[in-house]
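One structure is given below, encoded as structure tokens.
Rule-based calculations on the coordinates, nothing more; no lab input. No experiment lies behind these values; they were computed from the predicted model shown. Quick reminder, even Gly has a Cβ in these numbers, built from the backbone with ideal geometry, and neighbours come from all protein chains shown.
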Amino acid sequence: MTSYTYRKFKNRLFFVLCLGCVIIAVVPLVSILFEVIARGAPQLSLQFLTQPPQPPSLPGQPAGGIGPAIQGTLILIVLTSLIGIPIGVMSGVFLAEYGNNKYAAVTRTINDVLTEFPSIVVGITVFLAVVLSLGHFSPIAGAVALSFILIPIVARTTEESLKLVPNSTREASLALGVRRWRTIVSVVLPEAGSGLVTGSLLAVARIAGETAPLIMTILGSQYFFQGFNQPMDALPLRIWRDVTSPYPSQIAQGWGAALVLILVVLSLNIGVRVATARRSNGAHARLGEIRK
Amino acid sequence: MIGDADIEKTPAASDSALSSEKMQTIGLSAWFGEKRALKNISLTIKTNSVTAIIGPSGCGKSTFVRCLNRMHELVPGARMSGRVLLDGRDIYKRDVDPVLIRRRVGMVFQKPNPFPTMSIYDNVAAGLRLTGVKRGKSLDDIVRQSLEQATLWDEVKDDLKKPGTSISGGQQQRLCIARAIALQPEVILMDEPCSALDPTATAKIEELIVSLKQNYTVVIVTHNMQQAARVSDFTAFLYLGELIEYGSTKDMFENPTSEITEKYITGKFG
């Protein structure tokens, strides 16, 4: 083999190795999706999406649905967003706009640790702090727990997207005699808008699939929303309970619930694509990729 | 109050009259961290005149004008010493709010920087809206007047709702001038306002600068000596952070007193 063909061979070999690794990485993902669709899709029906679950039944008999779980997950998404997004965005503003000091450096470190914090520990903490002190499981406790997971993600993505706003924009505003807070609220934040939306949607997609923090905060339920001081159901909890049950009909429902959860997360991710595509700003799109 | 002695120290143009002094720097020095960018600059800026600051890159021109509206201190690690007077009052005194100074001393930057999320109209109105000065109907009049003064009205009057970044670079720079004018400042600082523009757009801005001095006091930083000669009444030559020469533009270009100035304006370096 001449050195020329050998070098060409090495070039090809490297490409084939990379391609092989991509296939290894993609196979599990595709097979999971395939499995969930194959087993979950037959479950989907209006009744399945809107009815409360029934006691385990024999094959062929109606088995109720996952209505309360879907409702619960939507309630949790709204509550968590209301609590977490304002706090996360303001923290991100602090880090990006006032972040040139040691307090911000400490905050940034804590924030990074929180981003990777085991979610079961968050669940236990909120159980002790909220559930025990209020005396009952509740959607509020669940939203607080999920907020702890959402806030650091939103803070970090906000910080990153504010840093993409050129300094000349801030100077233009400050040179007009506009106060710092007004410059941030009226000039800098709107310019970072699509980055903020991206970060928030990705964080919501992340918390929508969280299970561990919910076990000890909303507990799970058979019923539709009963009030802010009662246990509630959510999709990840429903999947977990259904799939670990001994009854085939419930296991099948678990697959259906898994498919619904995947669709919820997928639609949030499509929302991110739409939000970033509206402005053909590559930097914001890249930010979205990193945060995933 | 400033004593007469202070004023005599400034190398001002010979025909200076005390009443016509809009701004004055006395022993102004500025630093970025350890690096000293300005050394003891003392000069006066006359009301309703155009003063050009010239000098080679890195000589402290931009830093100088950014000290005149307290923008310099926004850079992390930046500090200054000395005094800067606006109508005879020190703008660096403890009880002076820099935000209010910036409303009186407006600024136009090197690169046109209209707010990208705002329309042409909103860009001009931004200063008034965000400082809470004006709202409502009279805003329309101010926006129109400002755009007219910036000689941009005829070109954009049908597109006021379009984004501020949708027009050409030269138009954007005039939009930025209109945005500064809308606040009715007393002084307008321009930091190399034409360096990102083509010759045609530059000519328009230069015409505009000359017309602006009827109502405002203008300080323009430029690295283009012909531009300084064309638009300014007074010229200050800075070199390595020091004020080498200051006087009427005519004198400076026809009869420079310092050897370095002569070398610079004849293009021997810089």
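The residues neighbouring B:Ser62, those whose beta-carbon lies less than 13 Å from its own, together hold a net charge of 0 under the Lys/Arg +1, Asp/Glu -1 convention. Here the convex hull built on the C-alpha positions of the range B:135-270 has a volume of 126 cubic angstrom per residue. Screening chain A for whole DSSP H helices with an alpha carbon extent of at least 24 angstrom along the helix axis and a mean Kyte-Doolittle hydropathy of at least -1.0 yields A:3-40, A:67-97, A:139-163, A:248-278.
Every pair of different Cα atoms in chain B enters the Kirkwood calculation, which places the hydrodynamic radius at 19.0 Å.
Taking other Cβ within 10 Å of each residue's Cβ, how do B:Asp158, A:Asp112, B:Asp90 sort, fewest first?
Ranking B:Asp158, A:Asp112, B:Asp90 by Cβ neighbours within 10 Å, fewest first, gives B:Asp158, A:Asp112, B:Asp90.
Within the shell of other residues whose beta carbon sits under 15 angstrom from the beta carbon of A:Tyr4, the net charge comes to +4, with Lys and Arg scored +1 and Asp and Glu -1.
Just so you know, the averaged projected area of the alpha carbon convex hull for the protein assembly as shown sits at 39.2 nm². Once the Cβ-Cβ distance of B:Arg36 and B:Thr165 is raised to the sixth power relative to R0 = 45 Å, the FRET efficiency obtained is 0.75. Distances between placed amide hydrogens fall under 5 Å for B:Glu21 paired with B:Thr47, all partners being 5 or more residues away or on another chain.
As a size descriptor, the averaged projected area of the C-alpha convex hull of the range B:79-174 was calculated at 8.0 nm². Considered as an equivalent ellipsoid built on the Cα gyration tensor, the range A:66-291 has semi-axes of 36, 20, 14 Å, the largest given first. Take chain A, connect every pair of alpha-carbon atoms lying under 10 Å apart with a spring to form a Gaussian network, then pick out the residue of A:Ala275, A:Ala205, A:Ala258 with the largest mean-square fluctuation. Top of the fluctuation ranking is A:Ala275. Which of A:Leu164, A:Leu259, A:Leu17 ends up with the largest GNM mean-square fluctuation for chain A, with Cα atoms connected below 10 Å? Answer for the Gaussian network model of chain A: A:Leu17. Of A:Lys102, A:Lys10, B:Lys39, B:Lys46, the sequence from fewest to most neighbouring Cβ atoms within 10 angstrom is A:Lys102, A:Lys10, B:Lys39, B:Lys46. Compute the signed sum of charges (Lys and Arg +1, Asp and Glu -1) over the other residues within less than 14 Å, Cβ to Cβ, of B:Trp31. Overall, the nearby charge balance is +3. The fraction of all Cα pairs in the range A:140-189 landing in successive 5 Å bins from 0 to the largest distance is 4, 19, 20, 15, 12, 11, 9, 6, 3, 0, given as whole percents. Here chain B is assigned +1 on the Cβ of each Lys and Arg and -1 on the Cβ of each Asp and Glu. Its dipole about the Cα centre then comes out at about 900 debye. Overall dimensions of the range A:214-264, expressed as equivalent-ellipsoid semi-axes from the Cα gyration tensor (√(5λ), whole Å, largest first), are 20, 12, 9.
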